[in-house]
1. Is it the case, given these coordinates, that ASP65 is within 25 Å of the chain's Cα centre (by Cα), modelled with pLDDT under 95 and crowded, with 16+ Cβ neighbours inside 10 Å?
2. Are any residues in region 91-126 hydrophobic (A, V, I, L, M, F, W, C), free of Cβ contacts under 8 Å to residues at least 40 places away in the same chain and over 23 Å from GLU32 (Cα atoms), and if so, which ones?
3. Report, by residue number, each residue of region 142-190 that is at pLDDT 90 or above, assigned to a loop (DSSP other than H, G, I, E, B) and open to solvent by 70 Å² or more (accessible area, probe 1.4 Å).
4. Go through (1) exposed (fewer than 14 other Cβ atoms within 10 Å of the Cβ); (2) more than 24 Å from ARG20 (Cα to Cα); (3) in contact (Cβ under 8 Å) with a residue 24 or more places away in the chain and name the single condition ALA129 misses.
5. Which residue pairs have Cβ atoms under 9 Å apart, sit 6 or more places apart or on different chains, and have a first residue in region 58-73 that is touching a residue at least 12 places away in the same chain (Cβ under 8 Å) and a second that is in a helix (DSSP H, G or I) and of a type in the set (Ser, Thr, Tyr)?
Amino acid sequence: MAHGTRRELPRTREPLTRERIVGVALAIIDEEGVDALSMRRIAARLGVQAMSLYNHVRSKADILDGVTEFITTEMRMPRRMTGSWEDGIRSIAYAFRQASLRHPRACELVLMRQLSTPTALAPVDTMLAMMLDHGFDEETAVHALRLFISFQVGTLLRQFHGSTALGGGAADEGDTAAREAVRTAYFADSGFPAVAKVAPVLAVNDHEAEFAFGVELLIDALRSLAPTPRGGS
């Protein structure tokens, strides 16, 4: 008995959703940066026409809002922090840090973008509420928030986009002792006395240690502005 050719059943395409669109957008940003993102690029990855995206998102800006929401949700921060305000700042700082390491280009977008959705504003509210709950006045809380964001942006830019002249930039990740020795010799022979004096330290690139130093420095600075606990001297 002859067997006929088996007919392939048509594949069912996964439904297009806002979540899928945002996920593809995040992948493109992770790989190539925000400038590479376009409706056509997203549509091509999904195997659809660009116009079909507009059934689920309003615009590219709406997609960027979705990416921001995804990153902030991934941080999994509570609405209210428990414990001391110092530990609260540390928790928030390292939550941002971990998200930055997972999605450096997208996290740069989150930190520098005007937050316009309730989900994206949630971590901002968490930090402000934590400071207000511990007695900081409104102006100090907002100043501290903006300083905190500037610090996060600066460390992120330095680690992933910075010049290698002072041991910064993503190109330096995984440096060998030999490369550090070359940089040390360069600084030592620079002709600048202060640079030469700190050459062995300047040549070492430890982003984690620098981040921790900055967080503790921020906390120490805020202690002088913290309200005196009741019963304290």
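The values are calculated or read from the model by the stated rules, or taken from the named source; none is laboratory data. For clarity, every value in this text was computed on a predicted model and none was experimentally measured. Note: ideal-geometry Cβ built from the backbone for every residue, glycine included; neighbour counts use all protein chains shown. Note: accessible area is taken over every heavy atom of the protein model, side chains too, but ligands, DNA and RNA are not part of it. Shrake-Rupley method; radii C 1.70, N 1.55, O 1.52, S 1.80 Å.
1. yes
2. If the condition is that a residue be hydrophobic (A, V, I, L, M, F, W, C), free of Cβ contacts under 8 Å to residues at least 40 places away in the same chain and over 23 Å from GLU32 (Cα atoms), then ALA95, LEU121, VAL124 are the ones that fit.
3. ASP189
4. (1)
5. Short answer, once both residue conditions are applied: ASP65/THR119; THR68/THR119; GLU69/THR119; PHE70/THR119; THR72/THR119; THR73/THR119.
A quick yes/no check of all residues on (1) modelled with pLDDT under 95; (2) among the small types (Gly, Ala, Ser):
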site	(1), (2)
PRO10	yes, no
ILE21	no, no
ASP35	yes, no
ARG41	no, no
ILE71	yes, no
MET77	yes, no
MET81	yes, no
SER84	yes, yes
